[in-house]
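Each value in this text was obtained by applying a stated rule to the coordinates, not by laboratory testing. No experiment lies behind these values; they were computed from the predicted model shown. So basically every Cβ, Gly included, is an ideal-geometry build from the backbone, and we count neighbours across all protein chains shown.
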Amino acid sequence: MYGSYKLSNLNISVRDLRVWVEKDGLYRYRRKLGSAEVEKIFLNDHDVILNPVEPVNLPRSITNYLFIQFSKPIFVEPVSSAEVYLTFPIEIGVFVAKGYDLEDVDVFSFVKPKYALYGEPRGGVIARFWQSDVFSKPPNADFLEKGIMKLKIYNLSGLWVEVNKVVFDVYAMKIYYSSNVVSSIAEMKIHSRKVAETSFIDEPMFEGMKKAIELYVARRIPILSTKFTMEWGL
């Protein structure tokens, strides 16, 4: 489903999703997913791109933080590094393109969004919430619902640290996709039992993957920071 199309030829049916265009002198983009329906009108034919985007846009723009809760805690030994694999939720963006000019026209998801507070009520942040198992190798994942995240963990402290969660600023999230896999690579630098710094790495997890259009780039939103400091516990 991910990839490039001509608006005039757009006709996708997957599970309970249908995306299509009706032509009556105008180009009527229509999307139906469950009971939700969207219609947009275009005057001319255009290139259309569908790809996974940063999962913080539904049901509306609430936050730019992603909070992944581990199903079970992991323990990281002092002054060490390790790699684990997680999953993350997928939202799908629809973009129209003319040359290098991109405009996002629709975002939808097969996954119902949940949000939670990370930190204290006064100083914490609202974040998109997701619970994930922890894996030693890339898991099988439904590429329309879940992406695979490789998390590189660096314990810079001289202490054993228990890690239960990871929180990211997704302004800097780099997503790659293929015909059956969506992925992202991130790192977590632990400074103490309560403080860590997280960021994303701009590289594909597997060969042959294509980089997804970043929604914040398409919207021309300036990125103020590419890192997030977790200071309310791990």
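Highest mean packing comes first when the peptides 11-24, 139-152 are listed by Cβ atoms within 10 Å, giving 139-152, 11-24.
Summarising the label geometry, the points placed 7 Å from Cα in the beta-carbon direction at Ile62 and Lys194 lie 2.7 nm from one another. In the stretch 73-115, Rg over Rh equals 1.26, where Rg is the alpha-carbon radius of gyration and Rh the Kirkwood radius from pairwise Cα distances.
What fraction of the DSSP beta bridges in the chain is antiparallel, stated in percent and rounded to the nearest 5? Walk me through the numbers before you get to the answer.
On the way: 73 of 86 bridges.
In the chain, DSSP labels about 85 percent of beta bridges as antiparallel.
Here the stretch 1-140 is assigned +1 on the Cβ of each Lys and Arg and -1 on the Cβ of each Asp and Glu. Its dipole about the Cα centre then comes out at about 380 debye. With both labels modelled 7 Å from their Cα along Cα-to-Cβ, the Asp142 to Phe206 distance reads 1.8 nm. Per-residue ellipticity at 222 nm from helix content only, as computed over the chain with -39500 (n - 2.57) for each DSSP H run of at least four residues, stands at 0 deg cm²/dmol. Here the stretch 128-234 carries DSSP beta bridges of which approximately 65% are antiparallel, counting only pairs with both residues inside.
The stretch between Ser71 and Glu103 holds 7.8 nm of extra length on full extension. This uses 0.36 nm per residue minus the Cα-Cα distance. In sequence order, the stretch 88-100 has phi-based couplings of 9, x, 10, 10, 10, x, 10, 10, 9, 10, 9, x, 8 Hz under the Karplus curve 6.51 cos²θ - 1.76 cosθ + 1.60, θ = phi - 60°, and Gly or Pro positions carry x. Partners of Lys98 within straight-line reach, counting lysines whose Cα lies under 18 Å from its Cα and excluding those fewer than 8 residues away in the same chain: Lys6, Lys40. Computed from backbone phi, the HN-Hα couplings of the stretch 43-54 come to 7, 9, 6, 8, 6, 10, 10, 10, 7, x, 10, 4 Hz, rounded to whole numbers (Karplus: 6.51 cos²θ - 1.76 cosθ + 1.60, θ = phi - 60°; Gly and Pro given as x). Charging the Cβ of each Asp and Glu at -1 and of each Lys and Arg at +1, and nothing else, the dipole of the chain about its Cα centre rounds to 320 debye. Look at the dipole of the stretch 3-230 built from charges on Cβ: of Val76, Ala127, Val182, the Cα furthest out on the positive end belongs to Ala127. Computed over the stretch 1-113, the P(r) tail beyond 22 angstrom holds 45 percent of alpha carbon pairs. Summing +1 for each Lys or Arg and -1 for each Asp or Glu among the other residues whose beta-carbon sits under 15 angstrom from that of Lys98 gives -4.
If you bin all the Cα-Cα distances of the chain at 5 Å, starting from zero, the percentages per bin are 1, 6, 13, 18, 18, 15, 11, 7, 5, 3, 1, 1, 0, 0.
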